[in-house]
Ligand SMILES: [Zn+2]
């Protein structure tokens, strides 16, 4: 399998540490608010990687953290802990906030058919591990205590910026706009491992440590959870491109200094989902979540389908038009699949032909959009019997997870919607409001639904 590795900045053959086994880590959500659809695109990318590895026969163990402490409003060490921000905003305890948004996150995660990792661990459950790591980093001279906090000293490394191409001076935290200098740091790019003094009063979650009561930094939690559950040698670590610096850069620094050897071989990063404003912002004042899309009548799998049609290393621009189009295409595809008659026996030669094409694409740095083309080719191929077609599509769906052979439940919702529009249009015609009637017809046409007025009333067909 070929996979793009951020560490080497090229597509490489994937070679696992232990034959047939893959240990994979995904940075989890910070549960201080809802995860928007841009966050979810990132998890869909990881889900595809996880399922592709399984499809290729690897035994995958995957871990993910839940950040419920220590992630400040800036990804570096300034700003306030996001959980504290939420606690004050909603007047609840940190644990109530974490429970609520963790549940909301997994609701949406499940709705887009992302498989939950084998290991899911909240940051607050592993405090002992971080303390153990920080003690060793201090003992070995990679960290120092200053102003009550413990910092990692990046000057102790030969190459701190292994994941980035940026010049050091550009990456220095203090030099970036809007980030205030921390006078306790020897070098402004040093990062906090443990906070005991904070300019914010009343931080709710505090633990005893050799350096006083405090709480862990954000970066140490991923290193700690990964090493604790997946061991000293990690095959793949991933996140969104915004995690490359400083989060993953810091994870490598502290993990390898702690372990004394290379930690992770492949770094996997998903590009952003943007809206037309250039970042994923709100829509009519609402955070766009998968559940919100569902409330607006969309099948969450239409969103998954939209994501799969674009390569994970490419930015994807979200719009409701694009989502409408994805929903219609998926709907049509499912209807075509529903028309397949399950006849004949498996034709192994044909099965292998198409399955090998599928494997070639998923093994080529997750070329998922091309696998959709394979399905269209398969549907058109009159030399393949229905049984073989259905077997192939069911197998491909182990990776795609679009429920391609399930009868489209959303059909009934769509049907209901169309029927209500037809009724609305009939009412308009009755009131001689032909403008409105035309408007409804055009509105449906834009969505790929054509209305036909017949003697038996108005019929419709889905045209795209
Ligand atoms: Zn992380």
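The values are calculated or read from the model by the stated rules, or taken from the named source; none is laboratory data. No experiment lies behind these values; they were computed from the predicted model shown. In this analysis, Cβ positions are derived from the backbone assuming ideal geometry, glycine residues included, and neighbour counts consider all displayed protein chains.
Some points to look at:
- Inspection of the range 258-265 identifies no residue that is buried (at least 22 other Cβ atoms within 10 Å of the Cβ), within 13 Å of the ligand (Cβ to nearest atom), under 19 Å from residue 71 (Cβ atoms) and not assigned by TED's automatic domain parsing to the domain that holds residue 315.
- Number of residues in the range 236-247 that are crowded, with 23+ Cβ neighbours inside 10 Å and more than 12 Å from the ligand (Cβ to nearest atom) equals 1.
- The set of residues from the range 117-127 being surrounded by fewer than 17 Cβ atoms within 10 Å (Cβ to Cβ) and in contact with a helix residue (DSSP H, G or I) (Cβ under 7 Å, 6 or more places away or on another chain) comprises just one member, 119.
- The strands (runs of 3 or more DSSP E) located wholly in the range 9-108 that include 2 or more residues which are under 30 Å from residue 306 (Cβ atoms) and within 16 Å of the ligand (Cβ to nearest atom) occupy 21-26, 59-66.
- The range 295-323, residues that are surrounded by fewer than 18 Cβ atoms within 10 Å (Cβ to Cβ) and outside any loop (DSSP other than H, G, I, E, B): 295, 317, 320, 321, 322
- Looking only at residues in the range 215-235 that are out of contact with any strand residue (DSSP E or B) (no Cβ under 7 Å at 6 or more places or on another chain) and closer than 14 Å to residue 125 by Cβ, the one that is surrounded by the fewest Cβ atoms within 10 Å (Cβ to Cβ) is 228.
- Qualifying residues in the range 283-294 (those that are farther than 22 Å from residue 415 by Cα and not in a loop (DSSP other than H, G, I, E, B)) - the one nearest to the chain's Cα centre (by Cα): 287
- Checked against (1) closer than 24 Å to residue 52 by Cα; (2) within 12 Å of the ligand (Cβ to nearest atom), residue 217 passes all but a single condition, namely (1).
- Residue 343 fulfils the conditions (1) under 26 Å from the mean Cα position of the chain (by Cα); (2) at negative phi except for a single criterion, (1).
- In the set 331, 250, 270, 309, only one residue is within 16 Å of the ligand (Cβ to nearest atom) and over 30 Å from residue 131 (Cβ atoms); that residue is 270.
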